[in-house]
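These notes concern the structure reproduced below.
The values are calculated or read from the model by the stated rules, or taken from the named source; none is laboratory data. Note that the structure is a prediction, hence the values are computed from the model and not measured. Glycine gets a Cβ as well: all are built from the backbone with ideal geometry, and neighbour counts include every protein chain shown. Each accessible area value is taken on the protein alone, full model and side chains, heavy atoms only, with ligands, DNA and RNA left out. Shrake-Rupley method; radii C 1.70, N 1.55, O 1.52, S 1.80 Å.
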Amino acid sequence: MGSRVRPDSLVWARFPAWLERHYPQGRATVLSESDIRAAIAAKKAKQESFGHWQYARLLHEWQGLPRGTLFADGVVVPGYPKIGRVQTLTGVLSQFHAPCWVEEKVDGYNVRLFRAGDALYAATRGGLVCPFTTDRLPDLIDPAVFSAHPELILCGEVTGPETPYIEGTSPLVPQGIGFFLFDLMRQGVEGFFPVEERRALARSFGLPAVPFHGRIDPKDLGRLREIVRRLDAQEREGVVLKEDSPRNFRAKYVTGSAELSDIASMTQRYLDVPPEYFTERVLRLALFLEDMEEPDREEWWHRQLGKAFLSALRERIAAARQGRCVGSFCCRFHAQENAVRLLDHLGQIRGHEGETRLVSLQDEGGAWVLRFEKLYRSTTGFLRNALGGSLRFD
Ligand code: ATP
């Protein structure tokens with residue numbers, strides 16, 4: 001049996017009237033047991049568990065549901081869809097047809113927070129329940145929102161120097177970790193709440209949200225350029241523009257300083273990322289400078305881009321001399337078993353499949369502190385050969 005998509009009046013009825021009124025793009029999805037079994041048999045979905053909770057997640061798009069959709073008995077958490085990039089400000093003019101909200105693009109990892117039974121979970125982009133974010137969920141938001149609205153899905157970014165997935169942090173979170181709400185969905189329904197409704201709900205439950213930079217006319221590129229310039233000067237990542245219209249179109253635009261910081265951070269694992277990662281970012285940086293009408297190019301030409309590559313590589317050469325190029329991570333947990341689960345899970349998460357080594361797991365003042373390293377094998381191998389004097393034919 002295929003998935004059936006239908007407006008579900010019973011479910012709608014539990015929803016506040018103002019949401020019903022403003023939520024035209026939502027559509028309810030009902031999945032049966034046999035749908036889920038069929039998806040697993042077709043290798044579109046995979047059975048997973050978190051503790052005793054069994055669920056399945058979509059590895060690929062399936063029957064109109066996005067990759068990363070997670071489902072279990074009575075629970076459907078749609079995947080978070082991809083957001084297109086406007087590569088120049090001209091793209092804003094051509095892609096947006098109505099005024100749009102300007103939200104900050106916070107640099108971290110994407111999570112969906114939701115309730116299943118009496119428990120709260122956090123899923124990452126691929127639909128895996130994240131042991132770290134789930135463990136720390138009560139530190140990130142007030143769980144009362146799920147008592148009032150158990151069907152809500154809070155979509156947001158987690159960032160900070162103490163996360164298991166990203167090295168570095170957003171300037172918005174200098175210590176520990178933080179959560180920033182940027183979208184709301186409802187279980188079993190694809191589509192987002194309108195921005196104003198989401199902001200109202202965030203205010204009433206005191207939920208931390210992405211910084212908001214107003215509403216602009218897409219033809220007013222001067223205003224947008226000013227916002228982006230300011231964010232760039234503060235080394236922030238960029239903006240996500242969300243059209244204030246029923247089609248709820250959205251697109252991202254990233255600052256030059258974010259391109260530089262990505263280059264510097266990924267140069268730490270220079271040969272362990274595809275070369276296009278760097279070539280694309282250098283191009284995007286050049287386009288950004290055009291957009292900003294940046295008069296002083298000298299600084300970027302001579303110092304910034306060179307520094308992003310060469311300073312990180314110098315540090316890697318020093319690391320290879322000592323032995324290995326690794327990424328170092330430190331995260332705090334309430335429950336020791338969640339730290340152990342995270343180590344098991346890392347191997348399954350895209351981009352984190354490499355060799356992970358436990359450094360320590362210990363109780364420090366009531367929190368379980370996990371320290372681990374990820375080995376950057378190709379970068380280590382190349383640099384150790386070069387430093388050891390080997391001959392290379394290229
Ligand atoms: P994509 O989501 O387009 O697949 P990606 O996974 O490479 O791309 P990014 O390039 O970082 O991710 O851009 C999109 C992501 O930005 C979203 O998935 C979300 O996690 C994050 N994000 C940060 N701030 C916002 C915001 N205000 N609105 C929507 N997404 C945001």
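Can VAL102 be described as modelled with pLDDT of 95 or more, surrounded by 12 or more Cβ atoms within 10 Å (Cβ to Cβ) and assigned to a loop (DSSP other than H, G, I, E, B)? Can you show your working first?
Details: modelled with pLDDT of 95 or more: yes; surrounded by 12 or more Cβ atoms within 10 Å (Cβ to Cβ): yes; assigned to a loop (DSSP other than H, G, I, E, B): no.
Here the answer is no, as VAL102 does not meet what is asked.
I need the full set of residues from the stretch 292-318 which are touching a Phe, Trp or Tyr at 6+ places or on another chain (Cβ under 9 Å) and modelled with pLDDT of 90 or more, in order please.
Within the stretch 292-318, PHE309, ALA312, LEU313, ARG316 meet the criteria.
If PRO246 meets every condition in (1) open to solvent by 40 Å² or more (accessible area, probe 1.4 Å); (2) within 16 Å of the ligand (Cβ to nearest atom); (3) closer than 24 Å to GLU103 by Cβ apart from one, which number is that one?
Condition not satisfied by PRO246: (2).
So the check is Cβ under 7 Å with 6+ separation or different chains; which pairs have a first residue in the stretch 74-86 that's over 18 Å from GLY64 (Cα atoms) and open to solvent by less than 20 Å² (accessible area, probe 1.4 Å) and a second one that's within 13 Å of the ligand (Cβ to nearest atom) and at pLDDT 95 or above?
From residues that are over 18 Å from GLY64 (Cα atoms) and open to solvent by less than 20 Å² (accessible area, probe 1.4 Å), the pairs are VAL86/ALA251; VAL86/TYR253.
Considering every residue within the stretch 178-201, establish whether at least one is more than 28 Å from LEU70 (Cβ to Cβ), open to solvent by 60 Å² or more (accessible area, probe 1.4 Å) and out of contact with any strand residue (DSSP E or B) (no Cβ under 8 Å at 6 or more places or on another chain).
Within the stretch 178-201, not a single residue is more than 28 Å from LEU70 (Cβ to Cβ), open to solvent by 60 Å² or more (accessible area, probe 1.4 Å) and out of contact with any strand residue (DSSP E or B) (no Cβ under 8 Å at 6 or more places or on another chain).
Which residue, of PHE132, PHE114, PHE146, PHE182, is under 29 Å from LEU358 (Cβ atoms) and either hydroxyl-bearing (Ser, Thr, Tyr) or modelled with pLDDT of 95 or more (or both)?
Residue meeting the stated conditions: PHE132.
Do you know which residues across the stretch 46-82 are closer than 17 Å to GLY188 by Cβ and more than 21 Å from the chain's Cα centre (by Cα)?
TYR55, TRP62, GLN63, GLY64, ALA72, ASP73, GLY74, VAL75
From (1) at pLDDT 95 or above; (2) away from the ligand (no atom under 13 Å from the Cβ); (3) closer than 28 Å to GLU259 by Cβ, pick out the condition that doesn't hold for THR90.
(1)
Run VAL129 past the list (1) within 14 Å of the ligand (Cβ to nearest atom); (2) open to solvent by less than 10 Å² (accessible area, probe 1.4 Å) and report the number of the one that doesn't hold.
Of (1) within 14 Å of the ligand (Cβ to nearest atom); (2) open to solvent by less than 10 Å² (accessible area, probe 1.4 Å), only one is false for VAL129: (1).
In the stretch 325-346, how many residues are surrounded by 14 or more Cβ atoms within 10 Å (Cβ to Cβ), at pLDDT 90 or above and out of contact with any Phe, Trp or Tyr (no Cβ under 6 Å at 6 or more places or on another chain)?
Residues meeting the conditions: 9.
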